[in-house]
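Colleague: One structure coming up, written as structure tokens, with questions to follow.
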Amino acid sequence: MTGAGPEEWQDRNDQYLAAALEWLRLLLHRRIAEAEGKAAAGAKAGGKARGEAPDGDDALSEAWQTMERAAADGPPPALAGLGRLLALSPFEQHTLLLCAAPELDPGVADLCARAQGDAALPFPTFALALSLLPGAAWDVLSPYRGLRYWKLVEVDRSAGQALVTSPLCADERIVNHLRGLDYLDDRLEPLVTLVSPEAAPADPADPPASRQASVDEAVAHWRQPAGTGGRPPVIQLLGPDSEGKRSVAARTAEATGHLLYRLPAAQLPEAAADLDTVARLWQREALLLPLALLLDMDDEAGESATGVTGRVRRFLDRSGGPCMVATRESRPELAAVTAGVDIAPPPPGERAAAWRTVLPPEEADRLAGQFALDLPAIHEITTAHGPDAEAAWHACRARTRPRLGSLAQRLEPRVGWEDIVLPAQETGLLRQVADQVAQRNTVYQRWGFGERIRRGLGISVLFTGPSGTGKTMAAEVLARHLRLDLYRVDLSAAVSKYIGETEKNLRRLFDAAEPGGAILLFDEADALFGKRSDVKDSHDRYANIEVSYLLQRMEAYRGLAILATNQRRALDTAFLRRLRFIVPFGFPGPDERRAMWERAFPPHAPVDGLDTDRLAALPLSGGMIRNIALNAAFTAASAGAAIGMPMVLAAARAELRKLEMPLSEADFAWDGQQGMPEMSA
């Protein structure tokens, strides 16, 4: 505190409060004497018991002068300071003192009863305040005046009494504030969490240039002239980097001398009256401590976000103080005066420098290029794993693993290059895809190609071909080779009949997957992609917007996005031009099928005399061959026998019948002879 340390201020506040209580007791004694029709009795110096009135006006004057001396120098006492902060009139300050007095001096309750001439009224009332205190004003009773608006005083009307004779009680938080004890109001405690600079995901040392620039921008906004209602602009921290936003918020609050609390937006009460109470209490606390608030809307998406947005807007309209809103996208509707600050993860160069503190440059660059982690997360991983690059990679994958809910399913890659059978050209294309993902940091960052690419650095691939030809398996091979997580996206779940909801679902998907660069496999992409129609109505227009939005996000996505479709002809040429690779998966020929059969059974499976040439002659896809091998294995296990040709052919017949494909019983006859029989037309 300016001009006085905490201990000196506390001593002066205690002196002021003691003098104020003595002044109030003297007023009550005078009122008692008037009520009882008696003159104030004289008192012997030093011989009065506490609570009895000394000489009238002289004693009042002396107590008042003591109050003034205690408030003369340095920061004001708590009661006077509260009056300045909340624009309380002297009469309102004195009324608050009267309401707090029974908590500070239990003997005041008896004086209140005697002053009101009723033993049943051992508490302050508005009627007592109006008759006792100087400068009385009737408007102090208004719910829009300071005492009731700021909830400094509680009125108990449970007994059905008139307002002026109802019991008054000072708010517990305010009583403690008057004594010099400050803490967050316990009614707000369940809603908010303190974010101290030490506990926040702040940078372990000095923040990098990219992070400090965001802090400086936010601080500059708060130091602008106050906007509507005397409040600084509401700062919207934009982007998907939740940890980065908390770090910027913590440093901004620290730089401006505020304590920062985080409030998840979904915790705001739904009932308007409860929400208004929370807003008013927060504004009061923001003035007393002082505080800054981080309203976290990062997890709000879909239909539930509409109600939350309305509550946030009402809260901001009815509260005050410095406030930041963490949100993935700008929400200009939240407040009259807002300012946006984009928060992005540190660029690869800053991340690489952090990794290089414990890892060789090549490993550091590889981790920096793949995982968009904030510096505190990198510091945490390097502290835990030291120079173990392999452990660091696994830790990064675990930390960045996205929460995609119903929008995607995580697949565990169980196959490698040795398991997939494709023609040489298609295998070469897959190898190129893997190389581009692995070498992105070298080409885009170190060689500078990233500065010349305008549409985005994403690698987008189309897998096209009939079902069962290996599209999902190829995605698993890439994920296992690159050691990345693979998610299969159900586009039918992401596509919504409500206008604008599809884009929100896709935004959630890409934002969640971005930090770790997970591989996204959009299976059955025909749910969204098709010939972009001529615009005939609003639904056509928005369907085209959805396709364009997905293309835009795929191009900006820093990972690998794969689209799988059975109908390439349904995709228009404008869409195909924006893809980096197109890998066709055709129906396998006899040579590919033979190789698939040779790999269909694990080494430990008991196989007896399988004729792979005969099996390769059956018109089956890779997916069908896997199903047949598995079904034949169960049949053999039930029979307690090895997997032989009769079981495999029976399973093949059942698979073709299941898919309603044409077949001839002669194709599945087995006489125990190896070789290629003539297949029926």
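The values are calculated or read from the model by the stated rules, or taken from the named source; none is laboratory data. Quick caveat: nothing in here was measured; it's all calculated off a predicted structure. Here the Cβ is made from the backbone with ideal geometry for all residues, glycine too, and neighbour counts use every protein chain on show.
Colleague: Can you work out which of the residues in the range 589-627 that are over 30 Å from GLY640 (Cβ atoms) and charged (D, E, K, R) is farthest from the chain's Cα centre (by Cα)?
Modeller: Restricting to residues being over 30 Å from GLY640 (Cβ atoms) and charged (D, E, K, R), the top hit is ASP591.
Colleague: Restricting to the range 638-652, what's the tally of residues that are in a helix (DSSP H, G or I) and surrounded by 13 or more Cβ atoms within 10 Å (Cβ to Cβ)?
Modeller: 8
Colleague: Could you look through the range 359-377, keep only residues that are without any contact (Cβ under 8 Å) to a residue 60 or more places away in the chain and buried (at least 16 other Cβ atoms within 10 Å of the Cβ), and pick out the one that is nearest to the chain's Cα centre (by Cα)?
Modeller: Going through the qualifying residues, I end up with LEU367.
Colleague: Looking at TYR487, TYR444, can you tell me which residue is under 31 Å from the mean Cα position of the chain (by Cα) and closer than 25 Å to ALA353 by Cα?
Modeller: Going through TYR487, TYR444 in turn, the sole match is TYR444.
Colleague: Quick check on the range 581-588. Is at least one of its residues farther than 28 Å from LEU509 by Cβ and within 45 Å of the chain's Cα centre (by Cα)?
Modeller: The answer is yes, given that some residue of the range 581-588 is farther than 28 Å from LEU509 by Cβ and within 45 Å of the chain's Cα centre (by Cα).
Colleague: When you go through (1) in contact with a Phe, Trp or Tyr (Cβ under 8 Å, 6 or more places away or on another chain); (2) within 30 Å of ALA395 (Cβ to Cβ); (3) in a helix (DSSP H, G or I) one by one for VAL489, which number turns out not to apply?
Modeller: The one condition VAL489 does not meet is (3).
Colleague: How many residues, within the range 634-675, are of a type in the set (Asp, Glu) and in contact with a Leu (Cβ under 8 Å, 6 or more places away or on another chain)?
Modeller: Qualifying residue count, the range 634-675: 2.
Colleague: Then there's this: Can you list residue pairs whose Cβ atoms sit under 6 Å apart, with the first residue in the range 385-397 being assigned by TED's automatic domain parsing to the domain that holds ALA372 and part of a helix (DSSP H, G or I) and the second being β-branched (Val, Ile, Thr) and surrounded by 16 or more Cβ atoms within 10 Å (Cβ to Cβ)? Count only pairs 6 or more apart in sequence or on different chains.
Modeller: Pairs that qualify, where the first residue is assigned by TED's automatic domain parsing to the domain that holds ALA372 and part of a helix (DSSP H, G or I) and the partner is β-branched (Val, Ile, Thr) and surrounded by 16 or more Cβ atoms within 10 Å (Cβ to Cβ), are ALA392/ILE381; ALA395/ILE381.
Colleague: State whether the residues of the range 549-565 include one that is modelled with pLDDT under 75, part of a loop (DSSP other than H, G, I, E, B), in the same structural domain as THR427 (by TED's automatic domain parsing) and surrounded by 15 or more Cβ atoms within 10 Å (Cβ to Cβ).
Modeller: Taking the range 549-565 and keeping what is modelled with pLDDT under 75, we get none.
No.
Colleague: Can you tell me which residue among ALA249, ALA255 is crowded, with 19+ Cβ neighbours inside 10 Å and within 30 Å of SER210 (Cβ to Cβ)?
Modeller: ALA249
Colleague: Among the candidates ARG594, ARG599, which residue alone is outside the structural domain of GLU418 (by TED's automatic domain parsing) and in contact with a Leu (Cβ under 9 Å, 6 or more places away or on another chain)? It would help to see each step written out before you state the result.
Modeller: Working: ARG599 fails: in contact with a Leu (Cβ under 9 Å, 6 or more places away or on another chain).
Going through ARG594, ARG599 in turn, just one is outside the structural domain of GLU418 (by TED's automatic domain parsing) and in contact with a Leu (Cβ under 9 Å, 6 or more places away or on another chain): ARG594.
Here's the yes/no breakdown for (1) modelled with pLDDT under 95; (2) in contact with a Leu (Cβ under 8 Å, 6 or more places away or on another chain); (3) assigned by TED's automatic domain parsing to the domain that holds GLN370:
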| position | (1), (2), (3) |
| --- | --- |
| LEU422 | yes, yes, no |
| VAL433 | no, yes, no |
| ARG454 | yes, no, no |
| GLY470 | yes, yes, no |
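Colleague: Scan the range 492-527 residue by residue and report those that are at pLDDT below 85, surrounded by 21 or more Cβ atoms within 10 Å (Cβ to Cβ) and hydrophobic (A, V, I, L, M, F, W, C).
Modeller: Those that are at pLDDT below 85, surrounded by 21 or more Cβ atoms within 10 Å (Cβ to Cβ) and hydrophobic (A, V, I, L, M, F, W, C): ALA494, ALA525.
Colleague: Still on this structure, I have one more. Under 8 Å by Cβ, and 6 or more places apart or on different chains, what pairs join a residue from the range 69-96 that is assigned by TED's automatic domain parsing to the domain that holds PRO134 and outside any helix (DSSP H, G or I) with one that is surrounded by 18 or more Cβ atoms within 10 Å (Cβ to Cβ) and aromatic (Phe, Trp, Tyr)?
Modeller: That search, which allows pairs on different chains as well, returns ALA71/TYR16; GLY74/TRP9; PRO75/TRP9; PRO77/TYR16; LEU86/TRP150.
Colleague: In addition: I want to confirm something. Restricting to the range 378-392 and keeping residues that are over 26 Å from TRP447 (Cα atoms) and in contact with a helix residue (DSSP H, G or I) (Cβ under 6 Å, 6 or more places away or on another chain), which single residue is surrounded by the fewest Cβ atoms within 10 Å (Cβ to Cβ)?
Modeller: Narrowing the range 378-392 to residues over 26 Å from TRP447 (Cα atoms): 379-388, 391.
Okay, now just the ones that are also in contact with a helix residue (DSSP H, G or I) (Cβ under 6 Å, 6 or more places away or on another chain), so 381, 385, 391.
Values: ILE381: 25, HIS385: 18, ALA391: 13.
Among those residues, the one meeting the criterion is ALA391.
Colleague: Here is a further query. Between residues in the range 564-575 that are within 21 Å of THR472 (Cβ to Cβ) and residues that are among the acidic types (Asp, Glu) and part of a strand (DSSP E or B), which pairs lie under 7 Å by C-beta distance while being six or more apart or on different chains?
Modeller: As it stands, the answer is ALA564/ASP523, since those pairs meet every condition given.
Colleague: For residues that are part of a helix (DSSP H, G or I), surrounded by 17 or more Cβ atoms within 10 Å (Cβ to Cβ) and not basic (Lys, Arg), tally how many sit in the range 572-594.
Modeller: 2
Colleague: Just wondering, is there one or more residues in the range 57-67 that are under 51 Å from the mean Cα position of the chain (by Cα), at pLDDT below 90 and not polar (S, T, N, Q)?
Modeller: Our first condition is that a residue be under 51 Å from the mean Cα position of the chain (by Cα); within the range 57-67, this holds for 67.
Now drop any that are not at pLDDT below 90, which leaves 67.
Restricting the remaining residues to those that are not polar (S, T, N, Q) gives 67.
Scanning the range 57-67, I find at least one residue that is under 51 Å from the mean Cα position of the chain (by Cα), at pLDDT below 90 and not polar (S, T, N, Q), so the answer is yes.
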